[in-house]
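Down below is the structure, laid out as structure tokens.
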Amino acid sequence: RILDNFTELTAELTAELTARKKQYEFYRDKLLTFSDVRGGGATSDVVWRALAEIADISTGSSNTDDAVEGGCYPFFVRSQNVRRLNSFDYDEEAIITSGDGVGVGKIYHYVHGKYALHQRAYRIHINTPNVLPKFFYYYMKTTFLPYIEKNAFNSSVTSIRRPMLNSYPVPIIPIKEQERIVKILDRFDKLCNDLTEGLPAEIESRRKQYEYYRDKLLTFTPAQ
């Protein structure tokens with residue numbers, strides 16, 4: 001009965017996480033859909049700019065093999081994994097995307113502070129007060145991969161070229177609206193992905209509890 005209760009609780013939390021992720025995706029897509037780049041649509045307070053007009057874009061100087069165990073600074077490579085280095089390339093707020101490899105077109109990292117960067121990963125540093133970096137992070141995370149797939153010369157995207165990044169269209173909306181969107185999406189993101197406070201943390205805690213009680217309840221002393 002005790003172990004069944006733990007199993008049911010974990011299943012309920014997992015189902016809730018799945019539902020919250022769907023809810024998150026729904027609101028994210030709804031909040032980050034604006035009028036067409038060429039004009040038209042009902043949203044009149046959107047101005048579109050090419051990414052190169054509002055951001056500094058460049059790559060890093062390190063190779064994956066340069067990573068060191070326990071390095072002082074996060075080292076962003078071309079995947080979701082974060083390595084470490086004892087030197088840094090940039091000290092800023094930026095969005096990181098892979099230039100090639102399995103993570104091409106995907107946005108894994110939002111960074112604020114000192115970091116090192118792979119030579120085939122791009123950092124995008126917003127340089128205008130009209131765009132909140134966190135707003136751009138959510139927008140790019142939602143729309144960049146479809147944009148790359150649509151504009152690539154090949155049906156299978158293997159790498160991102162600088163002109164593709166430079167011309168990526170970004171919506172400029174009022175700062176207050178950007179702040180509102182970021183606040184909503186931050187809340188969903190924390191609930192769905194935070195490993196210290198969100199549902200994933202709660203599920204992991206319940207699994208550890210289950211394993212502890214399972215081992216305790218199912219450990220017996222052999223008869224002498």
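The values are calculated or read from the model by the stated rules, or taken from the named source; none is laboratory data. These numbers were taken from a predicted model, which means no experiment stands behind them. Backbone-built Cβ (ideal geometry, glycine too); neighbour counts: all protein chains shown. The protein model used for the area step is the full one, side chains on, heavy atoms only, and it has no ligands, DNA or RNA in it. Shrake-Rupley method; radii C 1.70, N 1.55, O 1.52, S 1.80 Å.
The table below gives the values:
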item	result
At R0 = 22 Å, FRET efficiency that the Cβ-Cβ distance of D29 and E53 yields, to 0.05	0.30
Rg over Rh, two decimals, the chain (C-alpha only, Kirkwood Rh)	1.08
E16 accessible area, assembled protein chains, probe 1.4 Å, Å²	70
FRET E, pair Y213, N193, Förster distance 35 Å, beta-carbon r, rounded to 0.05	0.80
Linear extension gain, Y147 paired with T18, 0.36 nm per residue minus alpha-carbon span	43.8 nm
Longest exposed-site-free window of the chain, the sites being trypsin sites (Lys or Arg not before Pro) in a DSSP loop that have at most 13 other C-beta atoms within 10 Å	39-160
Angle between the chain longest axis and helix 199-217 axis [Cα atoms, degrees, rounded to 10]	20
By accessible area with a 1.4 Å probe, ligands and nucleic acids excluded, highest first: order of H109, H125	H125, H109
Whole-number accessible area per residue in Å² for the range 74-224, which is evaluated in the context of all protein chains at 1.4 Å	56
Solvent-accessible area, 1.4 Å probe, carbon plus sulfur percent, for the chain	49
Under the Karplus curve 6.51 cos²θ - 1.76 cosθ + 1.60, θ = phi - 60°, whole-Hz ³J(HN,Hα) for the range 112-124, x wherever Gly or Pro sits	9, x, 7, 7, 9, 9, 5, 5, 10, 10, 9, 10, 10
222 nm mean residue ellipticity, helices alone, for the chain (DSSP H n ≥ 4; -39,500 (n - 2.57); rounded to 500)	-14000 deg cm²/dmol
Accessible heavy-atom area order of F135, F6, highest first, probe of 1.4 Å	F6, F135
E204-D91 FRET efficiency (beta carbon distance; Förster radius 35 Å; 0.05 resolution)	0.60
Extension reserve of the K106-N166 stretch, reckoned as 0.36 nm per residue once the Cα distance is removed	20.0 nm
Candidate aspartates and glutamates - alpha carbon under 19 Å from K183, same-chain residues fewer than 8 apart omitted	E25, D29, E93, D194, E197
